[in-house]
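Chemist: The structure follows.
Please treat every number below as a calculation from the coordinates, not as lab data. This one's a predicted model, so the numbers in the text were calculated from it and none came from an experiment. All Cβ positions, glycine included, derive from the backbone under ideal geometry; neighbour counts span all protein chains shown.
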Amino acid sequence: MRRKALGLFGFASGLFAGSVLYRRTVARRRQRVDVYFGDGSMITYDDGTPEADALLPIARDALAAARRR
Amino acid sequence: MDAAQALADLTEISSQVEAAVLFDEAGEIAGSTLAGEGAAALARAAEKLLERASALGAGDIAQVEASTPDGSVFVVSEGRRRIAATTGPDPTTGLVFYDLKSALRDSATVSDTETVSDTVKPRRKRAPKKVDDAA
């Protein structure tokens with residue numbers, strides 16, 4: 001009985017840790033553009049916004065150009 | 001320090017930087033870690049990124065980071081001079097910007113030094129005074 005409870009607890013802990021790790025990875029891998037202005041201010045355009053949609057394809061072109069050897 | 005040396009130092013210091021190009025607002029390339037058309041294409045894309053970002057908001061743009069799952073693109077602008085770099089996914093943003101600014105400034109000191117050395121002739125060293133041993 002005790003072994004079964006421990007196994008269940010271990011499984012639940014693993015599931016929780018996995019979901020946290022997955023969410024962190026996804027959050028970190030999100031596509032965005034950070035623009036820093038001369039006065040020290042900064043604005044982030046997240047993927048899906050019209051601004052990011054205009055800027056991200058150019059960034060992809062830049063990456064492709066840099067990796068085309 | 002010239003542009004090539006500044007870029008060599010950059011890639012040595014920052015293991016995250018995959019490729020970098022130094023250029024000006026007219027698109028003239030001062031130095032690059034990429035050969036041939038790659039450098040020009042990266043410079044063009046970086047300048048376009050600055051222009052589009054500038055059109056979206058008000059004010060002068062100092063730097064831009066665009067993150068994608070495949071990697072990130074960094075562009076730093078100081079006056080007419082620019083540096084663009086690419087990295088892998090999830091770079092340490094602050095460090096990369098710091099290294100890029102250092103490289104941009106290091107390469108900027110060249111033109112000043114060259115201008116000075118071209119116009120001012122080095123002074124001749126004065127011969128040391130002879131000490132009269134007999135005195």
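Chemist: Would you order B:28, B:65 from fewest to most other beta-carbon atoms within 10 Å of each residue's own beta-carbon?
Modeler: B:28, B:65
Chemist: Roughly how big is the range B:1-72's charge dipole about its Cα centre, with Cβ charges of +1 (Lys, Arg) and -1 (Asp, Glu), in debye to the nearest 20?
Modeler: For this selection, approximately 220 debye.
Chemist: Compute the whole-percent fraction of alpha carbon pairs in the range B:3-111 spaced more than 23 Å apart.
Modeler: Percent of Cα pairs beyond 23 Å in the range B:3-111: 18.
Chemist: With 10 angstrom as the radius, rank B:100, B:7 by how many other C-beta atoms surround their C-beta, starting from the fewest.
Modeler: Lowest to highest Cβ neighbour count: B:100, B:7.
Chemist: May I pose another question? Roughly what angle does helix A:2-28 make with the longest principal axis of chain A, taking Cα atoms, 0 to 90 degrees, to the nearest 10?
Modeler: In chain A, helix A:2-28 runs at an angle near 0 degrees to the longest axis.
Chemist: A further question on this structure: Measure nothing fancy, just the Cα-based angle from helix A:50-67's long axis to the longest principal axis of chain A, in degrees from 0 to 90, nearest 10.
Modeler: Roughly 90 degrees, rounded to the nearest 10.
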